[in-house]
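Enquirer: Take a look at this one; I'll ask things after.
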Amino acid sequence: MDYNIEANMQFPLVTYNLLPNEIVRIQSGAMVYHTGDTQLKGRLNANGGSGIGKLLRAAGRAMVSGESVFITEVSAGAKGGDLALAPAVPGTIQALEVTPGRNYYLNDSAFLAMDGTVQYSMERQSVGRAILGGQGGLFVMKTSGEGTLLVAAFGSIKEIDLQDAHDFTIDNAHVVAWETSLTYDIHLEGGGLIGSIGTGEGVVNTFNGTGKVLVQSLNLENFANMLKPFMPQPSSN
């Protein structure tokens with residue numbers, strides 16, 4: 001699969017040069033342009049099955065994870081075709097190679113595109129992680145298969161390679177993706193609610209083990225809160 005992340009742009013696009021009949025699966029709404037007989041089809045975002053059962057699984061997945069009910073399948077025609085994608089927020093795009101021996105967990109809004117046999121499923125989290133995390137709710141996205149996964153971040157991406165790490169803590173809103181070889185624990189910084197309020201950090205994710213973590217430089221929730229005073233407020237009448 002031939003793709004290019006346009007690094008010379010402040011907010012990059014991804015361009016694919018698809019061979020005849022090649023298929024790539026992308027986040028719903030991510031398409032910027034495509035050529036010729038390249039076709040886009042909305043597929044229910046659920047694995048296996050068909051009909052009303054698959055629809056209910058896709059709708060259930062959307063309710064618990066914040067994902068779209070649909071995922072877009074892009075297929076090139078007999079002559080191939082061009083495709084361009086962009087994430088929903090300004091920031092960075094990074095490619096991750098998924099293999100049977102290297103898989104990733106993804107936080108909300110990180111997924112942009114995948115090719116080959118890469119797919120993702122929803123892995124159930126503990127209730128404590130779900131309540132605290134605010135990322136994925138009761139479920140977290142987990143990849144499988146083999147191919148290239150494109151993830152998007154708000155701001156810049158820093159890749160941290162942990163080697164036998166012990167209690168490496170990252171603000172959960174800054175975590176984009178992490179290898180499944182790492183163990184993780186979502187909790188309040190500062191030893192509890194009062195300590196968390198005192199530090200101003202809130203929910204954090206502590207990793208242990210060996211593997212890669214991708215972090216984003218900006219926090220979308222903090223950015224949205226900064227904009228609230230400038231947004232129109234509903235009338236009290």
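The values are calculated or read from the model by the stated rules, or taken from the named source; none is laboratory data. Bear in mind the structure is a predicted one, so any value in this text is a computation, not a measurement. Keep in mind that these areas ignore ligands, DNA and RNA; they rest on the heavy atoms of the full protein, side chains included. Shrake-Rupley method; radii C 1.70, N 1.55, O 1.52, S 1.80 Å.
Enquirer: Mind checking which lysines have their C-alpha under 20 Å from Lys158, skipping anything on the same chain fewer than 8 residues away?
Expert: In chain and number order, the partners are Lys212.
Enquirer: Report the gain in length on full extension from Gln10 to Thr169: 0.36 nm times residue separation, minus Cα-Cα distance, nm rounded to one decimal.
Expert: Between Gln10 and Thr169, full extension yields 54.3 nm more.
Enquirer: Using θ = phi - 60° and the Karplus relation 6.51 cos²θ - 1.76 cosθ + 1.60, list the HN-Hα couplings for the stretch 167-178 in order, rounded to whole Hz, with x at every Gly or Pro.
Expert: Listing the rounded values in order: 6, 8, 10, 10, 3, 4, 6, 9, 7, 9, 7, 8 Hz.
Enquirer: Quick one: order Leu150, Leu13 from most to least accessible surface, probe 1.4 Å. The partial results should precede the final answer.
Expert: Numbers: Leu150 0, Leu13 35 Å².
Solvent-accessible surface, decreasing: Leu13, Leu150.
Enquirer: Can you give the accessible area of Tyr184, probe radius 1.4 Å, in Å² rounded to 10?
Expert: 20 Å²
Enquirer: How would Val89, Val213 line up by accessible area, probe 1.4 Å, largest first? Walk me through the numbers before you get to the answer.
Expert: On the way: Val89 50, Val213 0 Å².
So, going from the largest accessible area down, we get Val89, Val213.
Enquirer: Something else now. Taking amide H positions as placed 1.01 Å from N in the peptide plane, with prolines and chain starts having none, which residues 5 or more places from Asp171, or on another chain, fall under 5 Å of its amide H?
Expert: Asn205
Enquirer: Mind listing the phi-derived Karplus ³J(HN,Hα) values for the stretch 10-27, rounded to whole Hz, using 6.51, -1.76 and 1.60 with θ = phi - 60°, and x for any glycine or proline?
Expert: Coupling constants for the stretch 10-27: 4, 10, x, 9, 10, 10, 10, 10, 7, 6, x, 6, 5, 10, 9, 10, 10, 4 Hz.
Enquirer: Just reorder Val203, Val140 by solvent-accessible area, largest first, 1.4 Å probe, all chains present.
Expert: From most accessible down to least: Val203, Val140.
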